[in-house]
Structure formats: C-alpha cells, structure tokens
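Engineer: Here's a structure for you.
Each value in this text was obtained by applying a stated rule to the coordinates, not by laboratory testing. Computed from a predicted model, the values in this text were never measured in an experiment. When we count neighbours, we look across all protein chains shown, and the Cβ atoms used for this are built from the backbone with ideal geometry, even at glycine.
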Amino acid sequence: MRCSYCHKRGHNRRTCPDLTMRMKVRADADIAAGRTDSYYIREYQARIAPKGKKGKSVSSQQCGYCGEYGHTRRTCDLLRKDREWLVVHHNAHVRIAHDYIVSSHVGLGSLFQMTQRQYNYDTGDYDRKNQLLVLTGFSINKDGKCDGFPIYGTLRQLGSEGIQHSINIRHYVKDANYGDGWRSSPTLVTPMREVIPSDWVQKNAINFADTATYPYFRRTGRKREDPRDWMFRNIDRAHEIIEKYTPFPDDRYNHVERAEADLARYTPEHNRVKLFEDFKSGE
C-alpha cells in the first residue's frame with residue numbers, strides 16, 4: 001500500500017498522518033484568525049471524526065432502517081424498540097387466538113369437503129372429485145394485528161400425509177355455510193371441538209431473537225424494502241400528534257381523538273372485541 005499524498009508505504013491518503021497534520025495547521029490558523037467555521041476547520045473536524053468500518057465518519061452514516069444519520073442499522077435504537085414491541089404485541093394476540101379457538105365450534109378434528117375438477121383424458125372432459133379434509137392445527141401470522149386478524153386452520157386430506165390446505169376459520173365461525181358458493185374453498189361438513197394442545201400458546205409465542213428474520217426487520221439489500229415499515233411509522237405519528245395537540249387543542253378538528261382511535265386499533269383489547277364479534281354473526 002502506498003499513500004497518494006506523501007507517497008510513503010504502509011498507509012493510504014485516508015489515514016495519512018502528514019495530510020492530517022497539514023489540515024490541522026490550516027485549521028489552527030483559521031481559529032487563531034477568528035474564523036470559527038471555515039472550510040479548513042470543517043475539513044479537519046471531518047478528518048478526525050470517529051470512523052465506521054468503511055471509513056465514513058459516524059455523523060455521515062445513514063441508517064438503512066430509520067433513515068436518520070449518525071448510526072447504522074446494526075446499532076439503530078428504533079429498530080430494537082420495534083422488535084421489542086412486536087414480541088409483546090404478537091404474544092398478547094396469541095393468547096387471544098387461543099381463547100377464540102377454544103370458544104369456536106370449528107376445532108381440531110372438524111371435517112371439511114373440497115371439490116376439485118380434474119381433466120379426464122379418456123373422456124376429454126373435467127370430472128368432479130370430492131376430497132375429505134380434517135382440521136389438524138391452528139396458527140396466526142407473526143405481524144402487526146390491527147382491527148382483528150385471521151386465525152388459520154391447517155386441513156389435511158384424509159389418507160394423505162402431504163396434501164394440505166389452509167383456511168381462515170373465522171369465515172366458518174361467522175357463517176357455517178361459508179365455502180358453498182366458492183369453488184376453491186372447502187365446505188364445513190362436521191364441526192368438532194377437540195381440546196387443543198396445552199403448549200399451543202408457548203409454541204406460537206416469539207422472542208426477540210426470532211424477529212431478526214421477519215420481513216419487517218430482515219435486511220434484503222434493496223433500499224425500497226429495507227426502511228422501517230409504514231405500520232411502525234404510523235404508530236409513532238399518532239403518538240406525536242397526541243403529544244402536540246393535547247396541550248394546544250385545535251378547535252376545528254379533534255386530532256387527539258383521531259390519533260387515539262388509530263392507536264387503539266392495534267391493542268389486544270380492541271382486537272379481542274373485533275374477533276369475538278364473529279360469534280354474534282354466527283348465531
């Protein structure tokens with residue numbers, strides 16, 4: 001390695017001590033002359049500022065998650081807080097899903113029927129084939145829950161280990177005849193209410209380490225996909241509005257009430273009410 005400034009070996013221009021000293025001399029001269037914010041002073045300050053791994057000053061580094069300067073995605077405090085929030089948020093909703101499943105008549109062992117069309121090369125026409133499927137498990141997405149959320153049931157074809165189908169059981173709680181008018185949706189034949197495993201909540205809960213691989217937080221290298229998700233920005237915006245308008249209300253519009261309503265849509269209490277309204281629809 002040879003420096004392009006002093007032409008000595010063992011370092012480059014970025015770490016050259018001779019160039020650093022020259023910058024310091026010019027900056028000191030401007031300070032002595034009373035020029036406190038000259039080009040030479042700013043140049044020297046940028047030169048001696050703490051550097052990241054790639055040689056950029058920390059103050060010039062932009063976080064790929066929150067967009068702020070002075071840190072990277074690896075050390076982003078906002079990213080850490082969002083991951084912590086999702087853990088608490090999701091785990092609270094796992095318990096709501098558990099209570100919903102226990103209260104539902106569409107439980108483990110429920111029998112479904114699905115009609116598929118298969119082409120018959122002998123007749124040159126489509127044959128209808130009925131398949132029986134049994135509900136074997138439940139799951140929910142590991143994402144933000146707002147104004148309710150789907151609870152998925154896994155259906156497996158009787159006599160086959162590999163073929164399975166996923167349904168949102170809420171449709172069948174609200175309407176037992178759901179699927180009759182949809183060719184691609186199974187129809188409920190016989191509801192069952194077998195007890196779900198006692199460790200279901202534990203197995204569906206998440207921890208902080210788990211969130212590193214979730215789409216919200218996983219770095220893809222594509223700038224349009226890596227920034228902070230709209231959901232988290234929307235929640236922060238609502239908190240900012242409440243903080244801004246609570247001391248100084250707007251007579252023309254109730255900003256605080258609207259922001260509080262937006263935040264409430266993400267709460268476990270609100271989503272529990274939204275889900276359990278399904279049972280009133282199915283009565």
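Engineer: Applying 1/(1 + (r/R0)^6) with R0 = 22 Å to the Cβ-Cβ distance of M192 and N141, what FRET efficiency is obtained, to the nearest 0.05?
Structural biologist: Using R0 = 22 Å, I get an efficiency of 0.35.
Engineer: When we measure straight from the Cα of K24, which aspartates and glutamates land under 19 angstrom away, once same-chain ones fewer than 8 places off are left out?
Structural biologist: K24 reaches D37, E43.
Engineer: Output the pairs from K174/K274; K203/K223; K145/K174; K81/K223; K145/K274; K129/K174 with a Cα-Cα distance over 23 Å in this structure; if there are none, say none.
Structural biologist: Over 23 Å Cα-Cα: K203/K223; K129/K174.
Engineer: For a protection proxy built on the mean count of beta-carbon atoms within 10 angstrom, sort 7-14, 235-242, 188-195 highest first, please.
Structural biologist: 235-242, 188-195, 7-14
Engineer: Based on the Cα gyration tensor of the stretch 133-234, what are the three equivalent ellipsoid semi-axes, each the root of five times an eigenvalue, rounded to whole Å and given largest first?
Structural biologist: Semi-axes (√(5λ), whole Å): 32, 17, 15.
Engineer: Treating each Cα of the stretch 70-220 as an identical point scatterer and ignoring solvent, apply the Debye formula and state log10 I(q)/I(0) at q = 0.11, 0.14, 0.18, 0.21 Å⁻¹.
Structural biologist: One equal scatterer on each Cα of the stretch 70-220 leads to -0.57, -0.79, -1.06, -1.26.
Engineer: Moving on. Which whole-Hz couplings ³J(HN,Hα) result when phi for each residue of the stretch 17-22 is put into the Karplus expression 6.51 cos²θ - 1.76 cosθ + 1.60, θ = phi - 60°, listed in order with x for Gly and Pro?
Structural biologist: 3J(HN,Hα) across the stretch 17-22, in whole Hz: x, 5, 5, 4, 5, 5.
Engineer: Let me ask something else. I need the calculated FRET efficiency for the pair Q164 and T267, taking r as the beta carbon distance and R₀ as 30 Å, to the nearest 0.05.
Structural biologist: 0.35
Engineer: Sequence-distant or interchain residues sharing an amide H contact under 5 Å with G137, placed H: which?
Structural biologist: T154
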